[in-house]
1. Give all pairs with beta carbons closer than 6 Å in which a residue from segment 114-131 that is among the basic types (Lys, Arg) meets a residue that is not in a helix (DSSP H, G or I); count only pairs at least 6 apart in sequence or on separate chains.
2. If Gln83 meets every condition in (1) open to solvent by 50 Å² or more (accessible area, probe 1.4 Å); (2) closer than 22 Å to Phe156 by Cβ apart from one, which number is that one?
3. Can we say Thr72 is surrounded by fewer than 17 Cβ atoms within 10 Å (Cβ to Cβ) and either assigned to a loop (DSSP other than H, G, I, E, B) or of a type in the set (Ser, Thr, Tyr) (or both)?
4. Just to be sure before I move on: is Ala246 aliphatic (A, V, I, L, M), at negative phi, in a helix (DSSP H, G or I) and surrounded by fewer than 17 Cβ atoms within 10 Å (Cβ to Cβ) in the structure I sent?
5. Please give the number of the condition Arg55 fails out of (1) assigned to a loop (DSSP other than H, G, I, E, B); (2) charged (D, E, K, R); (3) closer than 30 Å to Lys237 by Cβ.
6. Going through segment 180-230 one residue at a time, which ones are among the small types (Gly, Ala, Ser) and farther than 30 Å from Met34 by Cβ?
7. Those residues that are acidic (Asp, Glu) and open to solvent by 50 Å² or more (accessible area, probe 1.4 Å), I need them from segment 41-52; list them, please.
8. So which residues in segment 225-243 are surrounded by 15 or more Cβ atoms within 10 Å (Cβ to Cβ) and either assigned to a strand (DSSP E or B) or charged (D, E, K, R) (or both)?
Amino acid sequence: MAIGLIVIGDEILSGRRNDKHLPKTIELLGERGMHLDWAEYIGDDPARITATLRRTFASDDIVFCTGGIGATPDDHTRQCAAQALGVPLALHPEAERLILERIADTSKDGRADLTQADNRHRLKMGEFPVGCEILPNPYNKIPGFSIRRHHFMPGFPVMAWPMMAWALDRYYLDLHHLRPHGERSMLVFGLAESTLTPLMEQIEANFAAVKVFSLPSVGDSERGGPYARRHIDLGVKGDPALLDGAFEALQKGVEALGGEIVDPAAL
């Protein structure tokens, strides 16, 4: 099982909007001792959305999907989810109640007047794949939906992020802090990644629950200090109980190769 994020919208791919969901998803998961395994960006292409969801529904992954659940012509996510599952769309009773409440809340007389075409059209936002559950929206009551470990939310961060947090706490409390995780790193100067690769492979072979990461930089003049020099951010991540041993072995290996080490925590 993995945790994934799908961000839907032409506006992301065209650059008209900057995606904010990826860093926030990582943050929300991190607060609960969880981590993101993958992320995908998709435009408003029904065939591609359907194919992607058909693939992810076939997995056992937990998937958060943002964007495209409205009722305008460029919103396809609800329909594509239903098609990927092979089920029809239907107006969810709870979604209908919540949408009518929202309409009444924003009307002058406090009533949901369904003689108005625009109000009737708003009910389409409650047409979800048959068999789903409601995903509450504390911002304006217009719900998203959850089905088969997939959670569908609007693209608006002010709505999506509380909904994501609610789903994590409602459905996956047993996964919170289930996999202990930690990281330790160093800045390495004077060595190429190709020189470090055998050492990295050796560390992962000797410490099975630990992964080695290597992030090379040509130098960051804006950050200044040691970061302005060409370097590699080299470290280990994984089971905290094994990190110290793995990091010590990594550090000794770098020193044996003649690399210069700077501790980023001391900067």
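1. Arg120/Leu114; Lys124/Ala71
2. Status for Gln83: all satisfied but (2).
3. On the way: surrounded by fewer than 17 Cβ atoms within 10 Å (Cβ to Cβ): yes; either assigned to a loop (DSSP other than H, G, I, E, B) or of a type in the set (Ser, Thr, Tyr) (or both): yes.
Spelling it out, Thr72 is indeed surrounded by fewer than 17 Cβ atoms within 10 Å (Cβ to Cβ) and either assigned to a loop (DSSP other than H, G, I, E, B) or of a type in the set (Ser, Thr, Tyr) (or both).
4. When the stated conditions are applied, Ala246 does not pass them.
5. (1) is the only condition that Arg55 fails.
6. Quick first cut of segment 180-230, residues among the small types (Gly, Ala, Ser) only: 182, 185, 190, 192, 194, 205, 208-209, 214, 217, 219, 221, 224-225, 228.
Passing the criteria: Gly190, Ala192, Ser194, Gly219, Ser221, Gly224, Gly225, Ala228.
7. At the first step, the residues of segment 41-52 found to be acidic (Asp, Glu) are 44-45.
Selection gives Asp45 alone.
8. Step one: of segment 225-243, the residues surrounded by 15 or more Cβ atoms within 10 Å (Cβ to Cβ) are 226-227, 229, 231-239, 242-243.
Within segment 225-243, Arg229, His231, Ile232, Asp233, Leu234, Gly235, Val236, Lys237, Gly238, Asp239 qualify.
The values are calculated or read from the model by the stated rules, or taken from the named source; none is laboratory data. Source: prediction; values computed, not measured. Counting neighbours? That spans all protein chains shown, and the Cβs are built from the backbone with ideal geometry, glycine included. Only protein heavy atoms, including side chains, enter the accessible area calculation; ligands, DNA and RNA are left aside. Shrake-Rupley method; radii C 1.70, N 1.55, O 1.52, S 1.80 Å.
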